[in-house]
Structures are given as structure tokens and as C-alpha cells.
1. Given (1) in a loop (DSSP other than H, G, I, E, B); (2) in contact with an Asp or Glu (Cβ under 9 Å, 6 or more places away or on another chain); (3) surrounded by 17 or more Cβ atoms within 10 Å (Cβ to Cβ), where does G195 come up short, assuming only one miss?
2. For the range 62-89, which residues satisfy the criterion of being under 15 Å from the mean Cα position of the chain (by Cα) and outside any strand (DSSP E or B)?
3. Looking only at residues that are aliphatic (A, V, I, L, M) and at pLDDT 95 or above in the range 198-211, which one is surrounded by the fewest Cβ atoms within 10 Å (Cβ to Cβ)?
4. Return the only residue of P98, P158 being modelled with pLDDT of 95 or more, in a helix (DSSP H, G or I) and either under 26 Å from I190 (Cβ atoms) or touching a helix residue (DSSP H, G or I) at 6+ places or on another chain (Cβ under 7 Å) (or both).
5. Could you tell me whether K135 is among the basic types (K, R) and in contact with a Pro (Cβ under 8 Å, 6 or more places away or on another chain)?
6. Residues being within 22 Å of F99 (Cβ to Cβ) and in contact with a strand residue (DSSP E or B) (Cβ under 6 Å, 6 or more places away or on another chain): count how many of those fall in the range 185-201.
7. Out of everything in the range 25-48 that is exposed (fewer than 12 other Cβ atoms within 10 Å of the Cβ) and part of a helix (DSSP H, G or I), what residue ends up being modelled with the lowest pLDDT?
8. Any idea which of V133, V126 is surrounded by 16 or more Cβ atoms within 10 Å (Cβ to Cβ) and of a type in the set (V, I, T)?
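The values are calculated or read from the model by the stated rules, or taken from the named source; none is laboratory data. Computed from a prediction, not measured in an experiment: that's the story for all the values here. When we count neighbours, we look across all protein chains shown, and the Cβ atoms used for this are built from the backbone with ideal geometry, even at glycine.
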Amino acid sequence: MRHWPTLPETAMIDDLLKQAPERVESMIDQHEGFAETAMHYMPEHVELETLREAIQCCQACDLHRHATQPVFGEGPVDARIVLVGEQPGDQEDRQGRPFVGPAGKLLDQALQRAGIRRDAVYVTNVVKHFKFVEKTGVRGKRRLHQKPNAREVYACRPWLEAELALIQPQLIVCLGATAAQSLFGRDFQISKRRGQFVATDWCERTIATWHPAAILRMPDRAKKAEMEQQLVDDLVRANDAPH
């Protein structure tokens, strides 16, 4: 520290800091450091069942080291609507099924209010392993959700793309920012473009709405009720879209 001001590299720090955000964006766009993706684990014959079996061996990112198991999508292969979330939660990780925890219960209620049968839609996530940090409190150890980073999303992306290619849905509903940015692009802001139909590479009608977990975390009761109603309204809009 005593010699830090006299080092010639010190003069470069300000410029490096200014360039850092742009450099990170460039690295993500060019997929630098992404040595392996789920493509390395794809089965020769691609069907939902073979994908579900193959994903059990996926080690494309480090999330498999701590998660109980991968959580693949669930629903009919001919589903008209596909719901895409961020990643499995604690209960999903333990049970091996998507949206079976508290967020899943809220989603079920929203689907019911929107007149959509849960068993008629295909439900999946952008990232298939649970990312968490373990905390110890008065109730013992808890596994708290952590948002997946760009490396993890990119590594897992082939699984989602394979699901969408097989199902060929008429509508895709992105639940939350991570799912929306994965399909619309990283500049997508759910607070500004929620509820709007946009064409994507996977479906002509793709829409983003709130993730049920974000609604559950909202401390303001009035805002929470508003977000829940918006989720239902967006599901109704998706369901009512022309076939």
C-alpha cells in the first residue's frame, strides 16, 4: 500500500474501471470463458424423455455440485402454452419437479383464476439446477435463492431450446426478469414491457409477466395484490390470444 501511488499501473486504473462494464458486456456477447454448455450432454435422439434422462448427467456449470438434482420441465409435448421461470427453488430441488413450492402454489392459483389447467401447459425453467446460499438462523439452516449469472444461464440454455423446439408452443409466458431476458435479450425490462406480446425465435407470441416468487417477496400488501392481479391478467391475455 505504501508504494501503490508510485506504481506505473496506478495511472491505468481509472480508464480500466470506465471500460469494465463495456468489457463485461462484450465477454458475455462473445461467450468468452464459456468452455462447456449443455450441448455436450444432449442425447442422440432428442425427445422430452431422453432429455429428462440426459440432464441427470449434466455438469455444464458448477450448480450441479450442490443441488440435489436437476429439475426438468413438466407437461404435455403438445402444450399450446409454455411457462418459463428462472430456476428451481428449495422444494423443487428436493422433489425434482418445477413449481411445486410456495411460488408454484401461487402460480396454480393464478392459472385457475385465468381459466387455464395446470396439466394443459408445459412448465419449465431457464436454469435447471437450484442455486442457493445456505444460512443458519433461529429455525436452523435454510437454503436461500441466488440469482443465476450469465455463465450459468448460457450453459443451461440448450436444454430450454430443445424443449421449445420439441413443443413448438403457440405462446410462451416468461415468468420474471431472468426468463424474459433469456428470450428477449438482456436489455429487456419487465417493469416497462410486462404484458406485451413480442415475437421471438421460439414463438411469434411471447409475453413476460411477474414471477410468482417476486410477488411473494413484495412487502407492500397493496402492491403485492396489484402484481398478483397483473399476473392473472397476463395469463388471461395469453390464453385468449388467437390460436
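1. Result: G195 fails condition (3) only.
2. Those that are under 15 Å from the mean Cα position of the chain (by Cα) and outside any strand (DSSP E or B): L63, P70, V71, F72, G73, E86, Q87, P88, G89.
3. I207
4. P158
5. For K135, the condition - among the basic types (K, R) and in contact with a Pro (Cβ under 8 Å, 6 or more places away or on another chain) - is not met.
6. 3
7. D29
8. From the options V133, V126, the qualifying one is V126.
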